[in-house]
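Q: Would you mind keeping the following structure in view while I ask a few things?
Read-outs throughout are calculated quantities, based only on the coordinates presented, and are distinct from any laboratory measurement. The structure presented is a predicted model; accordingly, all values stated were derived computationally and were not measured. Cβ placement follows ideal geometry from the backbone for every residue including glycine, while neighbour counts extend to all protein chains displayed.
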Amino acid sequence: MVDAPAGCITGWRDGEVIRATGIPYARAGRFEKPVPVLDLGEFEAREWSPSAPQNPAEEPPLFGPELRDLPVNEDCQNLSITLPGDIREGEKLPVIVWIHGGSYVAGAGDSSFSDPARWVTERRVIVVTVSYRLGVLGFLGSSLGPANLGLLDQAEAFRWVRRNISSFGGDAARVTALGESAGADAILHHAAAMGYAILAGREEELFFDRAIALSPPLGIREGRSRMNAVGASVLERRVKKESPIEELLAAQKAIEAASSRFGFAGSMPFGVQYGHDPLPPEGEVLAAWHAIAAKIPLLISSVGTEASFFAHSMPCSRFVRGLPRVGESAYWAFVEYSSRAVFTKGIDFLAHEWAAAGGTSHRAVVPWSVPGNPYGSPHVMDIALLFSRKDSWRSALPFEGATWEEIDRAGAEVRRYLTHFAAGENSHPFTREPRVIRGFAA
């Protein structure tokens, strides 16, 4: 039982960790901005946070099935806290706030894929996992409602952590934002929003003290306004504000189909929209990052073969790979080109710009792969290692050919590396196993 500013919260013991799960940090009507939940009264935090409504995956997931039967609810603005079971009175541990990825249309804070229990016990940190609105309900601006609602949800979660985490033994002055893919993209855009506030002369509000951005798709962040307009038009034609959720999700699929003509950007048709609260216009985003860089140390990373996560299921790339003699080399050339276009070129650019603006910027790569495995080191490999649990990842195809001991050793190195950065021990963590993770100052 924790007596926090938000109320008297009762959690539960789960093996070596203590959890407080399914805590509402905000609430909102459909297509409306979130309102913070400031007073929970007496709250039983013993149920997993619900996931946002989302369409099921069309293909078997590369990293295996979700193992938790999470509830689904439009009121999904909930967070869960995992802390060491032997936390001591007066202890102040580093806090990591996890923003899940999933192209802004999939995933959940309490997914079995990102269970932080192993990390918490191994490295004595507190991890907060956040669920937020997705897809048409969370990111697409239209006549039905404003853009960036999911981003505004996340902002309320960060505020909740600042207000309450010290009651759980966390250090409220040592909060690290951690995200992967769309989650990393969101964190970087929170930083842009904070920098935009500085440029506008508004009162400074820092949601977090450090940022870890794993595989943000920065190569497709610009030039999305036409695609957003097409998506809004499809949505407005097909549904009303009060339409059943099934119709909204069907409209979301129609938007995804209509966006396919927009190249790489069309592979992620939902995302943050510039010029809408809380973000600056597109042309001012870089200046906003420059304005915040000196205040937020950044670790930004990629994996070895990012685009192999997507290319393995694309008919064109499968055809190329099957060609005699040249197929395999042509396939990996396409993977390298796509990885650079969507991920690594933009990551390298931002790491450099962050440092050039006077900030601390650390660039890392997770090249770990299983020798002979046809998937290489695909997008999400770093998360599979970071949150490695034998039950959660036993069906992961990119792990085939490795023993659990090999996977676990690699995961332990990723957890050590990220913890050293998040704890403020070293803004350029030392690489012990360069085959697993290696880094360098930007």
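Q: Out of Ala396, Ala351, Ala307, any idea which swings most in a Gaussian network model of the chain, alpha carbons joined below 10 Å?
A: Ala396
Q: At Met314 and Lys295, where each label point lies 7 Å from the Cα along Cα→Cβ, what is the point-to-point distance in nanometres?
A: 3.9
Q: Nearest 20 debye, what's the magnitude of the dipole of the chain about its Cα centre given +1 on Lys and Arg Cβ and -1 on Asp and Glu Cβ?
A: Working: 44 positive and 52 negative charges, 178 e Å.
Rounded to the nearest 20 debye, it is 860 debye.
Q: What fraction of the Cα pairs in the chain, stated in percent, has a spacing above 39 angstrom? Present the calculation step by step, with values, prior to reporting the outcome.
A: Numbers: 14158 of 97461 pairs.
Above the 39 Å cut-off, the chain has 15 percent of its Cα pairs.
Q: Report the one residue of Ala117, Ala351, Asn148 whose Cα lies farthest in the direction of the positive end of the charge dipole of the chain (charges on C-beta: Lys and Arg +1, Asp and Glu -1; origin at the Cα centre).
A: Of the options given, the answer is Ala351.
Q: Once both labels are modelled 7 Å past Cα along the beta-carbon direction, what's the Ala333-Ser167 spacing in nm?
A: 6.0
Q: Once the Cα gyration tensor of the stretch 1-115 is found, what semi-axes does its equivalent ellipsoid get, as square roots of 5 times the eigenvalues, in whole Å, sorted largest first?
A: On the way: eigenvalues 135, 77, 28 Å².
Ellipsoid semi-axes (Å, largest first): 26, 20, 12.
Q: Could I ask something else about it? Relative contact order of the stretch 1-147: what whole-number percent is it, with Cα pairs under 8 angstrom and at least 6 residues apart?
A: 27
Q: What's the local net charge at Ser301, with K and R +1, D and E -1, over the other residues with C-beta under 13 Å away? Show your work: numbers first, answer last.
A: Values: positive: Arg363, Arg438; negative: Glu180, Glu306, Asp348, Asp382.
My count for the surroundings of Ser301 gives -2.
Q: Over the stretch 267-342, calculate the relative contact order: mean separation of alpha carbon pairs under 8 Å at least 6 apart, over the residue count, as a percent.
A: Working: 35 pairs, mean separation 15.1, N = 76.
Value for the stretch 267-342: 20 percent.
Q: If you don't mind, there's one more thing I want to ask. Sum -39500 (n - 2.57) across every DSSP H segment of at least 4 residues in the chain, then divide by the residue count to get the 222 nm mean residue ellipticity, nearest 500.
A: Values: 13 runs with 143 residues, N = 442.
Taking each H run of at least 4 residues, the total per residue is -10000 deg cm²/dmol.
Q: As an exercise, use a Förster radius of 25 Å and the Cβ-Cβ distance of Ala229 and Glu74 to find the FRET efficiency, rounded to the nearest 0.05. Walk me through the intermediate numbers first.
A: Values: r = 25 Å, r/R0 = 1.00.
According to the calculation, E is roughly 0.50.
Q: For the stretch 113-233, what does the relative contact order come out to in percent, with C-alpha contacts under 8 Å and a separation of six or more?
A: Working: 117 pairs, mean separation 28.0, N = 121.
Normalised by residue count, the contact order of the stretch 113-233 is 23 percent.
Q: Fully extended, how many nm does the chain gain between Glu89 and Arg159 (0.36 nm per residue separation, minus their Cα-Cα distance)? Don't skip to the end; give the middle numbers.
A: On the way: separation 70, 0.36 × 70 = 25.20 nm, distance 2.39 nm.
Length difference between fully extended and current span is 22.8 nm.
Q: Shifting gears a bit: What number does the stretch 229-387 give for Rg over Rh if you use C-alpha atoms and the Kirkwood radius? The partial results should precede the final answer.
A: Values: Rg = 19.4 Å, Rh = 18.7 Å.
The Rg/Rh ratio comes out at 1.04.
Q: Taking the mean number of other Cβ atoms within 10 Å as a proxy for protection, how do you rank 195-201, 82-88, 64-70 from highest to lowest? Can you show the working numbers first?
A: On the way: 195-201: 16.0, 82-88: 17.9, 64-70: 14.4.
The most tightly packed comes first, giving 82-88, 195-201, 64-70.
Q: DSSP H helices in the chain with Cα extent of 24 Å or more along the helix axis and mean Kyte-Doolittle hydropathy at least 0.5?
A: On the way: long enough: 182-199 (25 Å, 1.06); 404-422 (26 Å, -0.70).
Within the chain the helices that satisfy the rule are 182-199.
Q: Could you calculate the contour length gain from Glu16 to Glu205, that is, 0.36 nm times the residue separation minus the distance between their Cα atoms, to one decimal place in nm? If you can, show how the numbers build up before the last one.
A: Details: separation 189, 0.36 × 189 = 68.04 nm, distance 3.48 nm.
Result for the pair: 64.6 nm of gain on full extension.
Q: Moving on to the next point. Per-residue counts of other Cβ atoms within 10 Å, averaged by peptide: what ranking do you get for 45-55, 182-192, highest first?
A: Taking the mean over residues of other Cβ atoms within 10 Å, the ranking is 182-192, 45-55.
Q: What FRET efficiency comes out for the pair Phe430/Ser243, r = Cβ-Cβ distance, R0 = 60 Å, nearest 0.05? If you can, show how the numbers build up before the last one.
A: Details: r = 54 Å, r/R0 = 0.89.
Calculated value: 0.65.
Q: Taking a label point 7 Å from the Cα of Ala287 along the Cα→Cβ vector, which residues of the stretch 356-387 have an amide N closer than 17 Å to it?
A: 357
Q: For the stretch 42-54, just list the computed ³J(HN,Hα) in residue order, Karplus coefficients 6.51, -1.76 and 1.60, θ = phi - 60°, integers in Hz, with x standing in for Gly and Pro.
A: 8, 10, 8, 9, 10, 10, 4, 5, x, 8, 5, x, 7
Q: Compute the distribution of all C-alpha to C-alpha distances in the stretch 71-162, in bins of 5 Å from 0, and list the percent of pairs in each, rounded to whole numbers.
A: Going out from 0 Å in 5 Å bins, the stretch 71-162 shows 3, 13, 22, 21, 17, 11, 7, 4, 2, 1, 0 percent.
Q: Taking amide hydrogens as modeled 1.01 Å from N in the peptide plane, which residues meet the under 5 Å criterion relative to Val97, leaving out close sequence neighbours?
A: Val128, Thr176, Ala177, Leu178
Q: If eta is 1.567 mPa s and T is 4 °C, what Stokes-Einstein diffusion coefficient results for the stretch 71-225, Kirkwood Rh from Cα pairs, in µm²/s? Walk me through the numbers before you get to the answer.
A: Working: Rh = 16.2 Å.
Result for D is 80 µm²/s.
Q: Sticking with this structure for a sec: Taking 0.36 nm per residue of sequence separation and subtracting the Cα-Cα distance, how much length would be gained by fully extending the chain between Phe264 and Phe349, in nm to one decimal?
A: On the way: separation 85, 0.36 × 85 = 30.60 nm, distance 1.83 nm.
Taking 0.36 nm per residue and subtracting the Cα distance, the gain is 28.8 nm.
Q: Which entries of Lys33/Lys390; Lys240/Lys345; Lys33/Lys240; Lys295/Lys390 show an alpha-carbon separation above 29 angstrom in the structure shown? Don't skip to the answer; put the middle values down first.
A: Details: Lys33/Lys390 39 Å; Lys240/Lys345 40 Å; Lys33/Lys240 18 Å; Lys295/Lys390 38 Å.
Lys33/Lys390; Lys240/Lys345; Lys295/Lys390, as the Cα separations exceed 29 Å there.
Q: Further question on the same structure: Taking 10 °C and 1.306 mPa s as the conditions, I'd like the Stokes-Einstein D for the stretch 341-431 in µm²/s, using the Kirkwood hydrodynamic radius from alpha carbon pairs. Please report the intermediate quantities before stating the final value.
A: Working: Rh = 14.7 Å.
Answer from the Stokes-Einstein relation: 108 µm²/s.
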